[in-house]
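The values are calculated or read from the model by the stated rules, or taken from the named source; none is laboratory data. From a predicted model like this one, the values you see are computed outputs, not experimental measurements. FYI the Cβ positions are ideal-geometry reconstructions off the backbone, even for glycines, and counts take in every protein chain you see. All accessible areas refer to the heavy atoms of the entire protein, side chains included, with ligands and DNA or RNA removed. Shrake-Rupley method; radii C 1.70, N 1.55, O 1.52, S 1.80 Å.
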Amino acid sequence: MTSLRQTAVETLGSYCEYVWVVALIFLAGIGTYFLIRLKGMNILRIRESIDLSKEHVLAGRGMETLSAFETFCLTLGTRVGVGNIAGMAAAIVSGGPGAVFWIWVFGVIGSANSFMESTLAQIFKERKKDGGYYSGPAYYVLKGLKKRGFAIGIAVLIIVLEIGFMGYQSSTAVSALSNAFEFENNDIVFAVLVSLIVAPIVLGGMKGIAKFMSRVVPLMAVLWIVVCGIVVLENIENVGNVINMVFSYAFSLQAVGGGIAGSAIIHALNRGIFASEAGLGTVASIAGTADVSHPVKQGMVQSMATLIDSLVICTATAVTILAFFPDYASIAATGLTESRLVEYVMEEMFGEGLGGAIVSAFLFLFAFTTIIGNYSMAESNMRFLRDDPRYVKALRIATCILVFTTALVGVALMNEISGIVRAFMGIINIVVVLLLSRYVFQAYNDWRRQRLRGVKNPVFHRSALSDPEGVSEWE
């Protein structure tokens, strides 16, 4: 059984790398075009984006729909996953310290993709029977491109994608707990435990999920930054060397790990997308649930969430690793990668046992919140296919069962399966967003005009669009 699983991982892994090269060309290329067309507003207006993300921090608790702050926490919890720990370590090992620079680059490009897809999701959102808003790629394909069959296919693909990724995260969560607490049949015990924790949150519906995430995610992210900060402060004299390693390897023509420099960049961008979800259409399914006065608000909030994930949380992990070692050769000499490398650093700093427990705890938390976020995306697309409480309830029950069963499949296999589906989704979504980009640019121009007139809280009406057909929620 083990050999069969390993063969499947290797086969899917080689295929996944090929598909991701194609996906990255589309995501990075089209994202760069968006960045230029937006004139870097996703960076230049970061302070305004931060203010928008805090809208209705308290009022959202009494709203039937989701507030800007609740969706911000929901998407941030989805973005901040295992990739921020294990993925960053893998990127450094396989691509060298320069991989960090290219992750920053895609963080900026990806934030433009996030702005575009999230604003588009807001424009074409729908109010469903439970009183909440729902949207995503399937919605803007149906209403914007007028392709019902294509939209149904995308909704099914996203549901499959999120089910697969929930499986990967579930496997990771159980693996993290099993590594920290070893006893007979611990994987089965922890699979049951994770399922029992997930069940009441998922069964509580979208509003309950948003409330949970708005309380847990900010604290979780801050705690990881604090832990990483402690390690960096202990090695503060090496920070200058970290900066030197990042930039010297980023622009070096020297091959890293036996591969060409271009493959190192591809691997780094892969990890950047894996961490941020930018451009895949998945986060758009959550962004469209927010109740805001203008679509651009959610676009700006989500572009900022991408930057926080890529430039802050991923960087915290990367600097923690690089500050501990004198050079890249020392990192490679450990023979470790992914979470094992991070555990090695933490155990050297905090002591054997405690360091590993800290990493396991955060791996569990990051994986757990991502499971919840992935479910939210699946429900949004299920409601597109059938806005029937019976089908939604069936999805919730199936999710709880899925979390248990996939937890026993194995992290590596689930990673490769979900990775292939994600790459295909990225290609499809970013092309659709490009085809419908005129709606986003028109909405953004409307936002700018109102702001220039001194309107502090711009309000959107579908008449601002040249072709408002299909836009139903902005009367």
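Numbers at a glance
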read-out: Residue ranges of helices (runs of 4 or more DSSP H) in region 67-144 with at least 3 members over 25 Å from Tyr375 (Cβ atoms) and of a type outside the set (D, E, K, R); value: 86-95, 98-123
read-out: Spans of helices (runs of 4 or more DSSP H) in region 276-370 with at least 3 residues open to solvent by 30 Å² or more (accessible area, probe 1.4 Å); value: 328-333, 338-350
read-out: Candidates Thr369, Thr334 - the one that is over 25 Å from the mean Cα position of the chain (by Cα) and of a type in the set (S, T, N, Q); value: Thr334
read-out: Top-ranked residue in region 437-459 [being among the hydrophobic types (A, V, I, L, M, F, W, C) and touching a Ser or Thr at 6+ places or on another chain (Cβ under 7 Å); ranked as farthest from Ser114 (Cα to Cα)]; value: Val459
read-out: Which numbered condition Arg422 misses (of (1) open to solvent by less than 60 Å² (accessible area, probe 1.4 Å); (2) at pLDDT 90 or above); value: (2)
read-out: Filter result for Ser175 (open to solvent by less than 20 Å² (accessible area, probe 1.4 Å), of a type outside the set (A, V, I, L, M, F, W, C) and under 14 Å from Ala367 (Cα atoms)); value: no
read-out: Filter pass, Val192 being within 24 Å of Val174 (Cβ to Cβ), touching a Cys at 6+ places or on another chain (Cβ under 9 Å) and modelled with pLDDT under 85; value: no
read-out: Qualifying position, being within 22 Å of the chain's Cα centre (by Cα), on the phi < 0 side of the Ramachandran plot and open to solvent by 10 Å² or more (accessible area, probe 1.4 Å), among Leu161, Leu145, Leu157; value: Leu157
read-out: Test for Asp187: is it closer than 26 Å to His294 by Cβ and either touching a strand residue (DSSP E or B) at 6+ places or on another chain (Cβ under 7 Å) or open to solvent by 10 Å² or more (accessible area, probe 1.4 Å) (or both); value: no
read-out: Residue in region 123-138 that is modelled with the highest pLDDT, counting only those that are touching a strand residue (DSSP E or B) at 6+ places or on another chain (Cβ under 7 Å) and more than 26 Å from Leu24 (Cβ to Cβ); value: Lys125
read-out: Within region 64-104, tally of residues that are modelled with pLDDT of 75 or more and among the charged types (D, E, K, R); value: 2
read-out: Ile273 vs. criteria at pLDDT 90 or above, closer than 21 Å to Val312 by Cβ and not charged (D, E, K, R); value: no
